[in-house]
Amino acid sequence: MKYHLVTLGCPKNVTDSERLTRALTQAGHVGIDDSDLADLLIVNSCGFIDAAKDESAQTTASLGAAKREDQRLIVVGCWSQIEPEPAAAIPGVERTFGIEAWDDIIGWLGPSDPVDIPETGALTRTSAYLKIADGCSRPCTFCNIPAIKGREFRSATVESLLDEARRLADEGVKELILVAQDSTAYAEDLGQADGLAYLLEQLAREVPQVPWLRLMYAYPGFVSDRLVEAMAGIPQVCHYLDIPLQHGSPSVLKRMKRPHNLRMVHHTLDRLRTAMPDIAIRTTFLVGFPGETKAEFEELLDFVRESRFDRAGAFAFSPQQGTPAAALPGQLEDRIKQRRQRRLMSVQEGIAAEINDAYLGRELTILVESIAGQTDDEGRPLFVGRSYRDAPEIDGLVFCYGVARPGSMPRVRVTGNLGHDLLAEPVGAEVIPVLNG
Ligand code: SF4
């Protein structure tokens, strides 16, 4: 059967779609890009917040409305895990499945008839996510992920992750991005202390041909000295860390049931910056949490100004059914939440642009991801890439005129600051393996 898979949501959902793709391929089904030519349409949905649920519903509804009589449509993943009825009620939906239901889906589809494989051209990708664990036992009062993914950490074994990494390295990826709900808890459930540092060492030893290992979703208070040493000591580990902090006011953090000792947070940032002076730190904030006062919001802004994150995202609180925070008094109006989100992002954008200024004239190695259509006066094409400071889709880009191909890692010199992104010039031949900076 020819299937067309639409993936919504976070990087962990991307890895779930890859697991489903592998299972379908092994069962003889073939993935295609054109939904009109598919026999089966699959939406791997997201249920994190209401906006994500709406997007899952709209995506499914538009596929349902456009599909032919003989085409089948199913919804899988996080949204249909927690709200199967509304998903099943969308016209055209034949069946819904929850998370990690690849075996059930294969069983339901039954054996595949032989399929002519349409010419789609080789897909080379430059980077891939490696989901190291799933589920979460943290008590954050605003989050429904434990209700979707399970309240226990389920770490993948080191062996299975090394197999996955070898497979992706053979595919030619240049970057492995380690993701989980909380990467710093990796292997705790397997009885291994400092499992994440150990995993990084094993990955560096097993796939030396993968120049970049990137860490996402660290939990404050669990960035151990061993992990900092491993990040600083292993050349392949990007000097980059994503550590969602959610707020900068201890009283709000207490109501979120999040680590609220800001001295610990500052100490963590100091340890990282001392061990890796060029480290890029990303974080995420939630503004407009129930009861958030003007003073508490100002505390957050002061924390952002003082901590000077390279990258930060901010979301407006949206109450999720079944979470403790949804029932808290002091729910704020949307216009206040959005105003605070804009204000925080304008402060952060100023800081990020200042930090980008410090890169003018400096050399960076970038991972080229695409070649844009335009050329400069000398007819050189524009290629687009990311430096070690940039995770895909959420951080900045580096634009550079010159000759390069996707997946190459040329050295460039920064010539312009575009606020969120950088402009650069090539300075030399490709460099592999690649160190940070
Ligand atoms: S650590 Fe992250 S995934 Fe886990 S409950 Fe908190 S916000 Fe949700």
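Taking amide H atoms as placed 1.01 Å from N in the peptide plane, the amide H of Leu423 lies under 5 Å from those of Phe399, Thr415, Gly416, Asn417, Leu418, each 5 or more residues away in sequence or on another chain. Here the range 241-283 is assigned +1 on the Cβ of each Lys and Arg and -1 on the Cβ of each Asp and Glu. Its dipole about the Cα centre then comes out at about 320 debye. With an a/c value of 1.5 or above and a/b not larger than b/c for the gyration tensor axes a ≥ b ≥ c computed over the alpha-carbon atoms, the range 2-109 is described as oblate. Annotation note: trypsin sites (Lys or Arg not before Pro) in the range 109-218 located in DSSP loop regions with a Cβ neighbour count of at most 12 within 10 Å are Arg151.
Pull up the cross-link candidates among the aspartates and glutamates for Lys174, meaning alpha carbon to alpha carbon under 18 Å and not fewer than 8 places away within one chain. Leaving aside aspartates and glutamates fewer than 8 places away in the same chain, those within reach of Lys174 are Glu18, Asp163, Glu164, Glu201, Glu206, Glu369, Asp390, Glu393, Asp395, Glu430. A straight Cα-to-Cα reach below 19 Å connects Lys67 with the lysines Lys2, residues fewer than 8 places away in its own chain not being considered. Remark: spin-label model distance Ile355-His420 equals 1.5 nm, labels positioned 7 Å along the Cα→Cβ axis. Using θ = phi - 60° in the Karplus curve 6.51 cos²θ - 1.76 cosθ + 1.60, the 3J(HN,Hα) couplings for the range 174-190 round to 9, 9, 10, 10, 7, 10, 6, 5, 8, 5, 6, 8, 3, 6, 4, 6, 9 Hz; x is entered for Gly and Pro. Here the extension length gained between Asp104 and Asp50 equals 16.8 nm, from 0.36 nm per residue of separation less the Cα-Cα distance.
Excluding same-chain neighbours fewer than eight residues apart, the lysines reachable from Lys257 by a Cα-Cα span under 27 Å are Lys12, Lys53, Lys131, Lys149, Lys294, Lys337. Treating each Cα of the chain as one equal point scatterer and applying the Debye formula with no solvent, the log10 of I(q)/I(0) at q = 0.09, 0.10 Å⁻¹ comes out as -0.63, -0.79.
Counting only DSSP beta bridges with both residues in the chain, the antiparallel share comes to about 35 percent.
Counting only heavy atoms of protein chains, what accessible area per residue, in Å², does the range 127-357 have with a probe of 1.4 Å? Mind showing how you got there, number by number?
On the way: 8990 Å² over 231 residues.
Accessible area per residue, the range 127-357: 39 Å².
Between Arg68 and Glu333, the simple spin-label model (points 7 angstrom out along Cα→Cβ) gives 5.2 nm. Surface composition of the chain: carbon plus sulfur atoms hold 53% of the accessible area, using a 1.4 angstrom probe and ignoring ligands, DNA and RNA.
What FRET efficiency comes out for Arg411 versus Ala326 if R0 is 41 angstrom and r is the Cβ-Cβ distance? Round to the nearest 0.05.
The formula returns an efficiency of 0.25 here.
Restrict the search to the range 308-342; then list the trypsin sites (Lys or Arg not before Pro) that DSSP places in a loop and that have at most 16 other Cβ atoms within 10 Å of their Cβ. Before the final figure, lay out the partial values.
On the way: sites: Arg308, Arg311, Arg335, Lys337, Arg339, Arg340, Arg342; in loops: Arg308.
Qualifying residues, ordered by number: Arg308.
Taking label points 7 Å from Cα along the Cα-to-Cβ direction, Lys294 and Glu85 give a separation of 4.3 nm.
The values are calculated or read from the model by the stated rules, or taken from the named source; none is laboratory data. Note that the coordinates shown come from a computational prediction; the quantities given were computed from them, not determined experimentally. Neighbour counts are summed over all protein chains in view; Cβ atoms, including those assigned to glycine, are modelled from backbone coordinates with ideal geometry. When the accessible area is computed, the model is the full protein with side chains, heavy atoms only, and any ligands, DNA or RNA have been set aside. Shrake-Rupley method; radii C 1.70, N 1.55, O 1.52, S 1.80 Å.
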